[in-house]
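The values are calculated or read from the model by the stated rules, or taken from the named source; none is laboratory data. What you see is a predicted model; the values in this text were computed from it and never measured. With ideal geometry, Cβ positions are generated from the backbone for all residues, glycine too; neighbour counts draw on all protein chains shown.
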(Lines give C-alpha, C1' and ligand atoms only; values in the text may rest on other atoms or scores of the structure.)
Protein backbone atom coordinates (compact mmCIF):
# COMPACT_ATOMS: atom_id res chain seq x y z
CA UNK A 1 0.00 0.00 0.00
CA UNK A 2 2.92 2.36 0.66
CA UNK A 3 4.28 1.55 -2.82
CA UNK A 4 0.84 2.25 -4.26
CA UNK A 5 0.66 5.68 -2.65
CA UNK A 6 4.22 6.52 -3.70
CA UNK A 7 3.60 5.43 -7.29
CA UNK A 8 0.33 7.35 -7.42
CA UNK A 9 2.02 10.46 -6.06
CA UNK A 10 4.85 10.13 -8.61
CA UNK A 11 2.41 9.69 -11.50
CA UNK A 12 0.35 12.67 -10.33
CA UNK A 13 3.51 14.80 -9.98
CA UNK A 14 4.64 13.99 -13.53
CA UNK A 15 1.21 14.76 -15.02
CA UNK A 16 0.88 17.99 -13.05
CA UNK A 17 4.35 19.14 -14.11
CA UNK A 18 3.27 18.66 -17.72
CA UNK A 19 -0.19 20.17 -17.18
CA UNK A 20 -0.82 21.84 -13.79
CA UNK A 21 -4.44 22.62 -14.68
CA UNK A 22 -5.19 18.88 -14.80
CA UNK A 23 -5.61 18.97 -11.02
CA UNK A 24 -8.94 20.76 -11.49
CA UNK A 25 -10.31 18.42 -14.16
CA UNK A 26 -12.81 15.67 -13.30
CA UNK A 27 -10.93 13.12 -15.43
CA UNK A 28 -7.74 13.57 -13.37
CA UNK A 29 -9.57 13.41 -10.04
CA UNK A 30 -11.71 10.40 -10.96
CA UNK A 31 -8.75 8.45 -12.36
CA UNK A 32 -6.51 8.85 -9.32
CA UNK A 33 -9.25 8.36 -6.75
CA UNK A 34 -10.38 5.18 -8.55
CA UNK A 35 -6.85 3.74 -8.67
CA UNK A 36 -6.35 4.56 -4.99
CA UNK A 37 -9.64 2.83 -4.14
CA UNK A 38 -8.77 -0.29 -6.12
CA UNK A 39 -5.30 -0.50 -4.59
CA UNK A 40 -6.18 0.43 -1.01
CA UNK A 41 -9.81 -0.55 -0.39
CA UNK A 42 -10.24 -3.54 -2.70
CA UNK A 43 -7.93 -5.96 -0.80
CA UNK A 44 -10.13 -5.52 2.27
CA UNK A 45 -13.13 -6.97 0.39
CA UNK A 46 -11.59 -9.39 -2.08
CA UNK A 47 -8.89 -12.00 -1.30
CA UNK A 48 -5.60 -11.33 -3.12
CA UNK A 49 -4.87 -13.25 -6.29
CA UNK A 50 -2.97 -16.47 -5.71
CA UNK A 51 -4.46 -16.96 -2.26
CA UNK A 52 -7.81 -18.68 -2.91
CA UNK A 53 -10.00 -19.64 -0.01
CA UNK A 54 -10.10 -23.22 -1.29
CA UNK A 55 -6.95 -25.20 -2.22
CA UNK A 56 -8.49 -26.51 -5.46
CA UNK A 57 -11.59 -24.44 -6.26
CA UNK A 58 -14.03 -25.68 -8.87
CA UNK A 59 -14.75 -23.81 -12.09
CA UNK A 60 -18.07 -22.68 -10.68
CA UNK A 61 -16.43 -21.30 -7.57
CA UNK A 62 -13.80 -19.52 -9.68
CA UNK A 63 -16.55 -17.98 -11.78
CA UNK A 64 -18.34 -16.71 -8.70
CA UNK A 65 -15.07 -15.39 -7.30
CA UNK A 66 -14.44 -13.59 -10.61
CA UNK A 67 -17.88 -11.95 -10.51
CA UNK A 68 -17.40 -11.06 -6.85
CA UNK A 69 -14.13 -9.38 -7.81
CA UNK A 70 -15.88 -7.33 -10.51
CA UNK A 71 -18.55 -6.32 -8.02
CA UNK A 72 -15.97 -5.32 -5.40
CA UNK A 73 -13.93 -3.28 -7.90
CA UNK A 74 -17.08 -1.43 -8.95
CA UNK A 75 -18.15 -0.95 -5.34
CA UNK A 76 -14.91 0.54 -4.01
CA UNK A 77 -14.51 2.71 -7.11
CA UNK A 78 -18.01 4.12 -6.80
CA UNK A 79 -17.79 4.65 -3.06
CA UNK A 80 -14.48 6.50 -3.40
CA UNK A 81 -15.49 8.63 -6.38
CA UNK A 82 -19.01 9.44 -5.15
CA UNK A 83 -18.13 12.93 -3.81
CA UNK A 84 -16.16 13.74 -6.99
CA UNK A 85 -19.03 12.62 -9.24
CA UNK A 86 -21.57 14.55 -7.16
CA UNK A 87 -19.34 17.65 -7.21
CA UNK A 88 -18.95 17.74 -10.99
CA UNK A 89 -22.13 16.15 -12.32
CA UNK A 90 -24.71 16.73 -9.55
CA UNK A 91 -25.90 13.15 -9.76
CA UNK A 92 -24.79 9.70 -8.65
CA UNK A 93 -25.50 6.20 -9.91
CA UNK A 94 -25.08 2.72 -8.50
CA UNK A 95 -26.47 0.89 -11.53
CA UNK A 96 -22.88 0.10 -12.56
CA UNK A 97 -22.65 -2.41 -9.71
CA UNK A 98 -25.08 -4.59 -11.67
CA UNK A 99 -24.31 -3.65 -15.27
CA UNK A 100 -20.57 -4.26 -14.83
CA UNK A 101 -21.27 -7.91 -14.00
CA UNK A 102 -22.27 -8.26 -17.67
CA UNK A 103 -20.20 -5.57 -19.36
CA UNK A 104 -16.79 -6.29 -17.82
CA UNK A 105 -16.73 -9.99 -18.85
CA UNK A 106 -18.11 -9.09 -22.27
CA UNK A 107 -15.43 -6.48 -22.96
CA UNK A 108 -12.56 -8.03 -21.00
CA UNK A 109 -12.98 -11.63 -22.16
CA UNK A 110 -14.24 -11.08 -25.71
CA UNK A 111 -14.13 -7.54 -27.14
CA UNK A 112 -10.60 -6.47 -26.14
CA UNK A 113 -8.86 -9.82 -26.88
CA UNK A 114 -10.61 -10.13 -30.25
CA UNK A 115 -9.69 -6.55 -31.14
CA UNK A 116 -6.04 -7.10 -30.23
CA UNK A 117 -6.03 -10.38 -32.14
CA UNK A 118 -7.45 -8.63 -35.21
CA UNK A 119 -4.74 -5.97 -35.06
CA UNK A 120 -2.05 -8.65 -34.76
CA UNK A 121 -3.44 -10.59 -37.74
CA UNK A 122 -3.88 -7.54 -39.98
CA UNK A 123 -0.43 -7.64 -41.70
CA UNK A 124 -0.70 -11.37 -42.47
CA UNK A 125 -4.36 -12.36 -42.80
CA UNK A 126 -6.47 -9.45 -44.09
CA UNK A 127 -9.54 -11.65 -44.61
CA UNK A 128 -9.26 -13.01 -41.07
CA UNK A 129 -8.84 -9.49 -39.70
CA UNK A 130 -12.05 -8.33 -41.37
CA UNK A 131 -13.93 -11.29 -39.89
CA UNK A 132 -12.58 -10.62 -36.39
CA UNK A 133 -13.44 -6.93 -36.64
CA UNK A 134 -17.01 -7.83 -37.62
CA UNK A 135 -17.35 -9.98 -34.51
CA UNK A 136 -15.81 -7.24 -32.37
CA UNK A 137 -18.16 -4.63 -33.84
CA UNK A 138 -21.16 -6.88 -33.19
CA UNK A 139 -20.11 -7.35 -29.55
CA UNK A 140 -19.49 -3.61 -29.14
CA UNK A 141 -23.00 -2.90 -30.40
CA UNK A 142 -24.35 -5.32 -27.80
CA UNK A 143 -22.23 -3.57 -25.16
CA UNK A 144 -23.84 -0.28 -26.14
CA UNK A 145 -27.34 -1.77 -26.02
CA UNK A 146 -26.76 -3.25 -22.57
CA UNK A 147 -25.35 0.05 -21.29
CA UNK A 148 -28.29 1.97 -22.71
CA UNK A 149 -30.77 -0.48 -21.16
CA UNK A 150 -29.33 -0.11 -17.67
CA UNK A 151 -28.97 3.68 -18.01
CA UNK A 152 -32.64 3.99 -18.99
CA UNK A 153 -33.95 2.11 -15.95
CA UNK A 154 -35.93 4.21 -13.45
CA UNK A 155 -33.66 5.39 -10.66
CA UNK A 156 -30.47 4.65 -12.60
CA UNK A 157 -29.31 8.21 -11.92
CA UNK A 158 -30.04 10.01 -8.67
CA UNK A 159 -29.82 13.80 -8.59
CA UNK A 160 -27.51 14.88 -5.81
CA UNK A 161 -26.31 18.26 -4.52
CA UNK A 162 -22.70 19.35 -4.80
CA UNK A 163 -21.15 18.38 -1.45
CA UNK A 164 -19.57 21.04 0.73
CA UNK A 165 -16.00 20.62 1.96
CA UNK A 166 -17.05 19.55 5.49
CA UNK A 167 -19.29 16.89 3.96
CA UNK A 168 -16.44 15.58 1.81
CA UNK A 169 -14.13 15.47 4.84
CA UNK A 170 -16.65 13.57 6.98
CA UNK A 171 -17.46 11.21 4.10
CA UNK A 172 -13.86 10.13 3.45
CA UNK A 173 -13.22 9.89 7.20
CA UNK A 174 -16.18 7.53 7.55
CA UNK A 175 -15.03 5.53 4.52
CA UNK A 176 -11.52 5.19 5.93
CA UNK A 177 -12.72 4.00 9.35
CA UNK A 178 -15.32 1.68 7.82
CA UNK A 179 -12.67 -0.16 5.81
CA UNK A 180 -10.09 -0.19 8.61
CA UNK A 181 -12.15 -0.84 11.71
CA UNK A 182 -11.15 -3.65 14.02
CA UNK A 183 -13.20 -5.27 16.75
CA UNK A 184 -12.61 -2.28 18.93
CA UNK A 185 -15.38 -0.19 20.55
CA UNK A 186 -13.40 2.97 19.85
CA UNK A 187 -13.72 2.36 16.10
CA UNK A 188 -17.49 2.12 16.38
CA UNK A 189 -17.64 5.30 18.45
CA UNK A 190 -15.42 7.14 15.96
CA UNK A 191 -17.50 5.94 13.01
CA UNK A 192 -20.70 6.98 14.77
CA UNK A 193 -19.37 10.46 15.54
CA UNK A 194 -18.18 10.95 11.97
CA UNK A 195 -21.50 9.80 10.51
CA UNK A 196 -23.27 12.18 12.90
CA UNK A 197 -21.02 14.99 11.67
CA UNK A 198 -21.79 14.07 8.06
CA UNK A 199 -25.53 14.11 8.77
CA UNK A 200 -25.21 17.44 10.58
CA UNK A 201 -23.26 19.02 7.72
CA UNK A 202 -25.74 17.75 5.13
CA UNK A 203 -28.73 18.98 7.17
CA UNK A 204 -27.26 22.40 7.93
CA UNK A 205 -29.65 24.37 5.64
CA UNK A 206 -32.68 22.72 7.26
CA UNK A 207 -31.27 23.39 10.74
CA UNK A 208 -30.81 27.08 9.88
CA UNK A 209 -34.43 27.24 8.76
CA UNK A 210 -35.73 25.65 11.97
CA UNK A 211 -33.63 27.99 14.13
CA UNK A 212 -34.73 31.05 12.16
CA UNK A 213 -31.20 31.76 10.94
CA UNK A 214 -31.93 31.58 7.23
CA UNK A 215 -31.81 34.91 5.34
CA UNK A 216 -33.88 36.01 2.39
CA UNK A 217 -31.75 35.02 -0.60
CA UNK A 218 -32.12 36.03 -4.24
CA UNK A 219 -29.96 34.66 -7.02
CA UNK A 220 -29.99 36.05 -10.55
CA UNK A 221 -28.52 33.16 -12.51
CA UNK A 222 -26.25 33.68 -15.49
CA UNK A 223 -28.35 32.16 -18.28
CA UNK A 224 -27.02 34.32 -21.10
CA UNK A 225 -29.71 36.31 -22.89
CA UNK A 226 -32.57 35.26 -20.65
CA UNK A 227 -33.74 35.22 -17.08
CA UNK A 228 -33.87 32.79 -14.17
CA UNK A 229 -34.21 34.01 -10.58
CA UNK A 230 -34.26 31.82 -7.48
CA UNK A 231 -35.82 33.25 -4.32
CA UNK A 232 -35.12 31.36 -1.08
CA UNK A 233 -37.38 32.59 1.69
CA UNK A 234 -36.37 32.54 5.38
CA UNK A 235 -39.14 30.04 6.16
CA UNK A 236 -37.64 27.47 3.79
CA UNK A 237 -39.93 28.08 0.80
CA UNK A 238 -38.39 28.34 -2.67
CA UNK A 239 -39.64 30.34 -5.66
CA UNK A 240 -38.17 30.06 -9.17
CA UNK A 241 -39.05 32.83 -11.62
CA UNK A 242 -38.38 31.70 -15.21
CA UNK A 243 -35.84 29.13 -16.32
CA UNK A 244 -33.74 30.80 -18.99
CA UNK A 245 -33.47 29.44 -22.48
CA UNK A 246 -30.87 28.98 -25.18
CA UNK A 247 -31.46 29.33 -28.94
CA UNK A 248 -29.45 26.12 -29.26
CA UNK A 249 -31.90 23.26 -28.56
CA UNK A 250 -29.00 20.94 -27.71
CA UNK A 251 -28.02 23.15 -24.75
CA UNK A 252 -30.72 23.01 -22.09
CA UNK A 253 -30.08 25.77 -19.55
CA UNK A 254 -32.50 24.11 -17.16
CA UNK A 255 -30.32 21.01 -17.15
CA UNK A 256 -26.90 22.67 -17.44
CA UNK A 257 -27.28 25.77 -15.24
CA UNK A 258 -30.50 26.03 -13.22
CA UNK A 259 -30.71 22.43 -11.98
CA UNK A 260 -27.05 22.18 -10.87
CA UNK A 261 -27.42 25.43 -8.93
CA UNK A 262 -30.59 24.21 -7.21
CA UNK A 263 -28.85 20.98 -6.23
CA UNK A 264 -25.82 22.88 -4.97
CA UNK A 265 -28.09 24.93 -2.71
CA UNK A 266 -29.82 21.71 -1.58
CA UNK A 267 -33.11 22.82 -3.08
CA UNK A 268 -34.95 19.54 -3.70
CA UNK A 269 -38.45 20.95 -4.21
CA UNK A 270 -39.89 24.24 -5.41
CA UNK A 271 -42.96 25.71 -3.77
CA UNK A 272 -43.70 27.84 -6.82
CA UNK A 273 -42.38 28.00 -10.37
CA UNK A 274 -43.29 31.12 -12.37
CA UNK A 275 -43.27 31.55 -16.14
CA UNK A 276 -43.59 35.30 -16.63
CA UNK A 277 -44.28 34.91 -20.38
CA UNK A 278 -43.62 32.14 -22.90
CA UNK A 279 -40.67 33.56 -24.81
CA UNK A 280 -37.84 31.03 -25.31
CA UNK A 281 -35.30 32.93 -23.17
CA UNK A 282 -37.62 32.57 -20.16
CA UNK A 283 -39.39 29.30 -21.01
CA UNK A 284 -36.98 26.77 -22.45
CA UNK A 285 -35.22 25.81 -19.23
CA UNK A 286 -38.42 25.05 -17.31
CA UNK A 287 -39.48 21.64 -18.72
CA UNK A 288 -36.34 20.02 -17.32
CA UNK A 289 -36.99 21.61 -13.92
CA UNK A 290 -40.60 20.44 -13.77
CA UNK A 291 -39.52 17.00 -14.91
CA UNK A 292 -36.79 16.55 -12.28
CA UNK A 293 -38.00 18.51 -9.25
CA UNK A 294 -41.09 18.37 -7.10
CA UNK A 295 -43.09 21.51 -7.92
CA UNK A 296 -46.04 22.40 -5.69
CA UNK A 297 -47.63 25.03 -7.95
CA UNK A 298 -47.10 26.82 -11.25
CA UNK A 299 -47.89 30.44 -12.12
CA UNK A 300 -48.14 31.77 -15.66
CA UNK A 301 -49.78 34.66 -17.50
CA UNK A 302 -52.14 32.48 -19.55
CA UNK A 303 -50.28 33.09 -22.81
CA UNK A 304 -49.45 29.97 -24.82
CA UNK A 305 -46.60 29.52 -27.26
CA UNK A 306 -46.73 27.53 -30.46
CA UNK A 307 -43.62 25.51 -29.69
CA UNK A 308 -42.60 21.97 -28.83
CA UNK A 309 -41.03 23.19 -25.57
CA UNK A 310 -44.26 24.80 -24.37
CA UNK A 311 -46.26 21.68 -25.30
CA UNK A 312 -43.81 19.61 -23.28
CA UNK A 313 -44.19 21.97 -20.33
CA UNK A 314 -48.00 21.71 -20.45
CA UNK A 315 -47.79 17.94 -20.65
CA UNK A 316 -45.54 17.81 -17.57
CA UNK A 317 -47.89 20.06 -15.60
CA UNK A 318 -50.86 17.84 -16.44
CA UNK A 319 -49.05 14.54 -15.98
CA UNK A 320 -47.58 15.52 -12.60
CA UNK A 321 -50.85 17.21 -11.56
CA UNK A 322 -49.17 20.48 -10.67
CA UNK A 323 -51.77 23.13 -9.73
CA UNK A 324 -51.54 25.98 -12.27
CA UNK A 325 -52.68 29.56 -11.62
CA UNK A 326 -52.97 32.71 -13.72
CA UNK A 327 -52.53 35.51 -11.15
CA UNK A 328 -53.44 39.09 -12.00
CA UNK A 329 -52.63 42.53 -10.61
CA UNK A 330 -53.62 42.82 -6.96
CA UNK A 331 -53.05 39.13 -6.24
CA UNK A 332 -50.75 38.36 -3.30
CA UNK A 333 -49.32 35.29 -1.62
CA UNK A 334 -47.38 34.98 1.62
CA UNK A 335 -44.24 32.87 1.93
CA UNK A 336 -43.75 32.95 5.68
CA UNK A 337 -43.05 36.56 6.62
CA UNK A 338 -42.44 37.52 2.99
CA UNK A 339 -45.17 38.54 0.56
CA UNK A 340 -45.21 38.30 -3.22
CA UNK A 341 -47.45 40.76 -5.08
CA UNK A 342 -48.51 40.61 -8.71
CA UNK A 343 -48.45 44.11 -10.24
CA UNK A 344 -49.26 43.20 -13.84
CA UNK A 345 -51.14 42.23 -16.02
CA UNK A 346 -54.41 43.83 -15.01
CA UNK A 347 -57.55 41.66 -15.07
CA UNK A 348 -59.13 43.92 -17.70
CA UNK A 349 -56.20 43.43 -20.05
CA UNK A 350 -56.53 39.65 -19.88
CA UNK A 351 -60.04 39.89 -21.33
CA UNK A 352 -59.09 42.19 -24.17
CA UNK A 353 -57.82 40.98 -27.52
CA UNK A 354 -54.07 40.83 -27.10
CA UNK A 355 -51.49 41.82 -29.65
CA UNK A 356 -49.93 38.80 -31.31
CA UNK A 357 -46.58 40.45 -31.99
CA UNK A 358 -43.46 40.08 -29.87
CA UNK A 359 -43.91 43.41 -28.07
CA UNK A 360 -47.48 42.56 -27.13
CA UNK A 361 -46.33 39.31 -25.54
CA UNK A 362 -43.65 41.17 -23.59
CA UNK A 363 -46.28 43.53 -22.23
CA UNK A 364 -48.34 40.60 -20.93
CA UNK A 365 -45.46 39.52 -18.67
CA UNK A 366 -46.16 38.78 -15.03
CA UNK A 367 -44.58 41.49 -12.85
CA UNK A 368 -43.68 40.35 -9.32
CA UNK A 369 -42.72 42.40 -6.30
CA UNK A 370 -41.31 40.68 -3.21
CA UNK A 371 -41.78 42.42 0.14
CA UNK A 372 -39.90 41.33 3.27
CA UNK A 373 -39.39 43.40 6.42
CA UNK A 374 -39.84 46.65 4.54
CA UNK A 375 -37.44 45.64 1.76
CA UNK A 376 -38.73 45.14 -1.77
CA UNK A 377 -37.46 43.44 -4.91
CA UNK A 378 -39.06 44.17 -8.29
CA UNK A 379 -39.01 41.52 -11.04
CA UNK A 380 -40.68 43.11 -14.10
CA UNK A 381 -39.69 40.47 -16.69
CA UNK A 382 -39.83 41.93 -20.23
CA UNK A 383 -42.35 44.75 -19.85
CA UNK A 384 -41.83 47.75 -22.10
CA UNK A 385 -42.57 51.47 -21.87
CA UNK A 386 -46.36 51.08 -22.25
CA UNK A 387 -46.64 48.90 -19.14
CA UNK A 388 -44.14 51.02 -17.21
CA UNK A 389 -46.36 54.04 -17.87
CA UNK A 390 -49.46 52.06 -16.91
CA UNK A 391 -47.92 51.12 -13.56
CA UNK A 392 -47.01 54.77 -12.95
CA UNK A 393 -50.47 56.02 -13.90
CA UNK A 394 -52.14 53.51 -11.59
CA UNK A 395 -50.10 54.79 -8.67
CA UNK A 396 -48.50 51.41 -7.93
CA UNK A 397 -45.79 51.60 -5.26
CA UNK A 398 -42.75 50.63 -7.32
CA UNK A 399 -39.95 51.71 -4.99
CA UNK A 400 -37.70 48.69 -4.45
CA UNK A 401 -34.19 48.11 -3.15
CA UNK A 402 -33.35 45.70 -5.97
CA UNK A 403 -34.59 45.96 -9.55
CA UNK A 404 -34.17 43.37 -12.24
CA UNK A 405 -33.90 45.73 -15.19
CA UNK A 406 -36.89 45.26 -17.54
CA UNK A 407 -36.38 43.46 -20.85
CA UNK A 408 -32.69 42.76 -20.23
CA UNK A 409 -31.80 46.46 -20.59
CA UNK A 410 -33.44 46.94 -23.97
CA UNK A 411 -34.12 50.48 -25.23
CA UNK A 412 -37.83 49.62 -25.27
CA UNK A 413 -37.90 49.78 -21.46
CA UNK A 414 -36.41 51.58 -18.43
CA UNK A 415 -38.01 54.98 -19.05
CA UNK A 416 -36.53 57.72 -16.83
CA UNK A 417 -39.81 58.18 -14.93
CA UNK A 418 -39.96 54.44 -14.20
CA UNK A 419 -36.38 54.39 -12.91
CA UNK A 420 -37.13 57.40 -10.72
CA UNK A 421 -40.21 55.70 -9.26
CA UNK A 422 -38.37 52.47 -8.46
CA UNK A 423 -35.23 54.27 -7.19
CA UNK A 424 -33.37 50.99 -6.71
CA UNK A 425 -30.31 50.54 -4.60
CA UNK A 426 -29.01 48.08 -7.20
CA UNK A 427 -30.04 47.43 -10.80
CA UNK A 428 -29.43 43.90 -12.08
CA UNK A 429 -29.12 43.24 -15.81
CA UNK A 430 -29.79 39.62 -16.75
CA UNK A 431 -28.46 39.73 -20.28
CA UNK A 432 -25.80 38.81 -22.76
CA UNK A 433 -25.90 40.99 -25.83
CA UNK A 434 -25.54 39.89 -29.44
CA UNK A 435 -25.76 41.45 -32.89
CA UNK A 436 -29.46 40.61 -32.98
CA UNK A 437 -30.16 41.74 -29.38
CA UNK A 438 -27.70 44.52 -28.44
CA UNK A 439 -28.42 44.59 -24.71
CA UNK A 440 -27.89 46.23 -22.33
CA UNK A 441 -28.33 49.28 -24.56
CA UNK A 442 -25.78 52.06 -23.90
CA UNK A 443 -28.56 54.64 -23.50
CA UNK A 444 -30.26 52.49 -20.85
CA UNK A 445 -26.98 52.08 -18.97
CA UNK A 446 -26.57 55.86 -19.06
CA UNK A 447 -30.05 56.38 -17.58
CA UNK A 448 -29.13 54.34 -14.52
CA UNK A 449 -25.66 55.85 -14.21
CA UNK A 450 -27.13 59.34 -14.33
CA UNK A 451 -28.98 58.45 -11.12
CA UNK A 452 -25.86 56.92 -9.51
CA UNK A 453 -27.49 53.50 -9.35
CA UNK A 454 -24.93 50.66 -9.12
CA UNK A 455 -25.20 48.34 -12.11
CA UNK A 456 -24.68 44.59 -11.88
CA UNK A 457 -24.58 42.47 -15.04
CA UNK A 458 -24.72 38.70 -15.29
CA UNK A 459 -22.69 38.82 -18.52
CA UNK A 460 -19.82 40.44 -16.59
CA UNK A 461 -20.31 39.15 -13.03
CA UNK A 462 -21.83 35.71 -13.55
CA UNK A 463 -24.56 34.73 -11.11
CA UNK A 464 -25.47 37.58 -8.74
CA UNK A 465 -26.68 36.72 -5.23
CA UNK A 466 -28.19 38.94 -2.53
CA UNK A 467 -28.85 38.04 1.11
CA UNK A 468 -30.97 40.06 3.55
CA UNK A 469 -30.68 39.35 7.27
CA UNK A 470 -30.95 41.48 10.41
CA UNK A 471 -31.74 44.62 8.44
CA UNK A 472 -28.67 44.40 6.21
CA UNK A 473 -28.11 43.47 2.59
CA UNK A 474 -25.07 41.51 1.48
CA UNK A 475 -24.28 40.69 -2.11
CA UNK A 476 -21.77 38.72 -4.11
CA UNK A 477 -21.17 37.81 -7.72
CA UNK A 478 -19.79 34.51 -8.93
CA UNK A 479 -16.95 36.08 -10.92
CA UNK A 480 -16.08 39.23 -8.95
CA UNK A 481 -16.84 38.30 -5.36
CA UNK A 482 -18.47 40.53 -2.70
CA UNK A 483 -20.63 43.45 -3.82
CA UNK A 484 -19.89 46.55 -1.70
CA UNK A 485 -22.86 47.92 0.20
CA UNK A 486 -22.03 51.30 -1.30
CA UNK A 487 -21.07 49.89 -4.67
CA UNK A 488 -19.57 52.24 -7.21
CA UNK A 489 -21.40 52.95 -10.44
CA UNK A 490 -20.04 50.85 -13.31
task = Kindly provide the set of residues from the range 286-299 that are closer than 18 Å to residue 255 by Cα and not in a helix (DSSP H, G or I), ordered by number.
result = 293, 294, 295
key: Qualifying position, being surrounded by 13 or more Cβ atoms within 10 Å (Cβ to Cβ) and either more than 22 Å from residue 82 (Cβ to Cβ) or at pLDDT 90 or above (or both), among 16, 10, 45   = 16
Filtered residues of the range 248-272 (kept if without any contact (Cβ under 8 Å) to a residue 40 or more places away in the chain and touching a helix residue (DSSP H, G or I) at 6+ places or on another chain (Cβ under 7 Å)) = 252, 254, 255, 258
request  = Can you confirm whether the range 418-441 contains a residue that is assigned to a helix (DSSP H, G or I) and farther than 28 Å from residue 373 by Cβ?
outcome  = no
Options 237, 297, 232, 303: the member that is touching a residue at least 60 places away in the same chain (Cβ under 8 Å), in the same structural domain as residue 362 (by the TED database) and touching a strand residue (DSSP E or B) at 6+ places or on another chain (Cβ under 7 Å) = 237
